[in-house]
């Protein structure tokens, strides 16, 4: 297997768009000769490839090293929707094949269904099982620190389910479970907009609200696996009752579920946020008020994260057509009006669209992350 | 100088009450022979000492290694009060000597005053200047990432003051500046209650409110040095105006300044929190209401930190006699009533008393931390 220096090289290459041997040697404070030996082995193992950038007319360009897309493959399964989505990705995070199946809430039956779906997926790309490094699984809920047991998931109705063991038995693969928001943060860190950030927070805005942090270049799971539970921060003391048992949680004010509830309360003629936005555009004051309340609550929570943790960037991951018009405008304004005047506008806010398949790709990226960061000795 | 493995050994010993060679070898995944060689050098350099624990009757006890108290000395200066406190500490964090002088707000004059006060302090303990490793300085405000420049301090009226350069010129010492709350967190990490915690948050409750985090075993300064700015999280939208320009910040509700302001508003016959608590004990409803409001706001903020970051522990650092009675009770209740029911009571909350000299000791610990964690190659 790779040694500790080679793992560091993998991490450097993943955070860049390719690096020269000289740049790697400087960064790692090792001699160029030592680096060359390490890289020779990795090229030989098929992990890396060399690319020669076009000359810019300033002498010979140095050869860049990159991860080979086909150096490793990962599977990901998401248990966050009505269907289980299963995807196959390469080392560049590209989805090569995907499938879906009905979600069976019985853990053993679910593990069997997933196991049966894997061989056809590999066959589509003429891959053999030994080219697969691992299978990641995302779910909504708490996962233990070994990423082996679903400690609690309200959505799945699970408590202390040893899903990794069940899946390993059926597939023979290394299994990594992860909370959905944390998996998406991992995915954005190794393949997406947060590649270069050592400290960032990702917020997921959907039927519920989640978040996850990277600190010092590492996913922060928290002492009880609960880091990022922004949904149940109290925003409006004494506000609407929440399914968690408390009142006035962010989830009761700004999630898509809360928005739909408010539309029903006001008997508005719309079924989703896109229609609510359209109504607000026409000047409907109830629609405007609902979007204002939600945007204000979400913006305030994000401002609190900026004040408390001062991340390098915030990534907001949202549903298609559900974070564009007034909602986004109010969120951005609320962030600016709730951070210290001296730091207004200093924290970049990106937004990305998540589809149902995104969770499965995020799950696969958790398996990739474990391969890169926590390779067994 | 020490190599990277020897730095790791220092960190392990500082986080423990002494470790055997075998335990260190296991922890570092190195051979016992390799560890013995590394430690031999450190014993020879006078950094470590051996201690033989009393036998518990179960065979020969293994020799424990500890940091020698006199292996290194550090100075610390605090600029957070009316006087500058200057202390000398050893490698166990003990204050060996201290002095104080009036705070001169002119940076060059201040650097001169501190420089002049150092030789008498060393003389008290018969130390020579070459036994000193560095000087740490704490202040209320923002410090740049190199810990060299005070970027902004409202209390000192400073902006972009290159204090480290001024002090280095006058003293010849390596200088590390740090925000007061961050310095106190460092102090509790290397010498205090948070020794074993890799992820914790320290809250300072005084005239203002501050906080600081350790994540993955490292002080988290944030992208703009602003991590921990809990004081200006909005707790009561549209509430009391704050000196930061916003309204309803935690500082306007729960700081000692806010408590004194509320006492004056209600014309209560008391001058400090101890007297306010005494009044509340007698059943004065205005005093009770003030303590409730402050305790609720502080507890809610701490609950938000627990939800968002799920730290291993929270440390509340407070003034003597200002966090005992009703205030503390309400804070604890508010924490429990604002975290998810599933995690109530799972995050240990410690409280420690801070005196004026504590900031100077914390400053010295910042110099010690730099020695341990960021020794030059």
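The values are calculated or read from the model by the stated rules, or taken from the named source; none is laboratory data. Quick caveat, the model's predicted, so the values are computed rather than measured. Every residue, glycine as well, gets a Cβ built from its backbone with ideal geometry; the counts of neighbours run over all protein chains shown.
Some points to look at:
- Odd one out for residue A:345 among (1) touching a helix residue (DSSP H, G or I) at 6+ places or on another chain (Cβ under 8 Å); (2) surrounded by 15 or more Cβ atoms within 10 Å (Cβ to Cβ); (3) within 14 Å of chain B (Cβ to nearest Cβ); (4) under 30 Å from residue B:243 (Cα atoms): (2)
- Restricting the range B:325-342 to residues that are in contact with a helix residue (DSSP H, G or I) (Cβ under 7 Å, 6 or more places away or on another chain) and more than 25 Å from residue A:249 (Cβ to Cβ), the residue that is surrounded by the most Cβ atoms within 10 Å (Cβ to Cβ): B:327
- Number of the condition not met by residue A:94 [criteria: (1) surrounded by fewer than 19 Cβ atoms within 10 Å (Cβ to Cβ); (2) in contact (Cβ under 8 Å) with a residue 60 or more places away in the chain; (3) under 17 Å from the mean Cα position of the chain (by Cα)]: (2)
- Hits in the range B:274-287 - residues which are surrounded by fewer than 24 Cβ atoms within 10 Å (Cβ to Cβ), touching a helix residue (DSSP H, G or I) at 6+ places or on another chain (Cβ under 7 Å) and touching a residue at least 12 places away in the same chain (Cβ under 8 Å): B:277, B:280
- The residues of the range B:217-238 that are at pLDDT 90 or above and on the phi > 0 side of the Ramachandran plot, listed by number, are B:222, B:228.
- When residues in the range B:319-330 are screened for being in contact with a strand residue (DSSP E or B) (Cβ under 6 Å, 6 or more places away or on another chain) and outside any loop (DSSP other than H, G, I, E, B), 0 of them pass.
- Criterion applied to B:352, B:306, B:290, B:316 was being touching a helix residue (DSSP H, G or I) at 6+ places or on another chain (Cβ under 9 Å), assigned to a helix (DSSP H, G or I) and more than 14 Å from chain A (Cβ to nearest Cβ), and the one residue passing it is B:290.
- Selection within the range B:151-190: residues that are assigned to a loop (DSSP other than H, G, I, E, B) and at negative phi. The member of this set that is nearest to the other protein chains (Cβ to nearest Cβ) is B:154.
- Residue in the range B:253-261 that is surrounded by 15 or more Cβ atoms within 10 Å (Cβ to Cβ), within 14 Å of another protein chain (Cβ to nearest Cβ) and within 23 Å of residue A:304 (Cα to Cα) present: yes
- Of the residues making up the range A:191-249, those that are within 26 Å of residue A:89 (Cβ to Cβ), more than 10 Å from chain B (Cβ to nearest Cβ) and in a loop (DSSP other than H, G, I, E, B) are A:192, A:193, A:194, A:195, A:196, A:206, A:207, A:208.
- Matching residues in the range B:184-196 - criterion: being in contact with a helix residue (DSSP H, G or I) (Cβ under 7 Å, 6 or more places away or on another chain) and under 17 Å from residue B:231 (Cα atoms): B:184
- Residue satisfying all of: in the range A:331-341; facing chain B (nearest Cβ under 7 Å) and assigned to a helix (DSSP H, G or I); modelled with the lowest pLDDT among these: A:341
- Any hit, the range B:138-150, residues being under 23 Å from the mean Cα position of the chain (by Cα) and on the phi > 0 side of the Ramachandran plot: yes
- Counted residues, the range A:123-147 - those being surrounded by fewer than 19 Cβ atoms within 10 Å (Cβ to Cβ), free of Cβ contacts under 8 Å to residues at least 60 places away in the same chain, part of a loop (DSSP other than H, G, I, E, B) and in contact with a strand residue (DSSP E or B) (Cβ under 8 Å, 6 or more places away or on another chain): 2
- Sole exception among (1) at pLDDT below 95; (2) crowded, with 16+ Cβ neighbours inside 10 Å; (3) under 19 Å from residue A:174 (Cβ atoms) for residue A:88, by number: (1)
- Test for residue A:30: is it assigned to a helix (DSSP H, G or I) and in contact (Cβ under 8 Å) with a residue 12 or more places away in the chain: no
- Yes/no for residue A:277 being modelled with pLDDT under 95 and more than 14 Å from every other protein chain (Cβ to nearest Cβ): no
- If the condition is being within 14 Å of another protein chain (Cβ to nearest Cβ) and within 19 Å of residue A:373 (Cβ to Cβ), then the range A:28-60 contributes only A:28.
- Some residue of the range B:65-79 being surrounded by 16 or more Cβ atoms within 10 Å (Cβ to Cβ) and more than 30 Å from residue B:2 (Cβ to Cβ): yes
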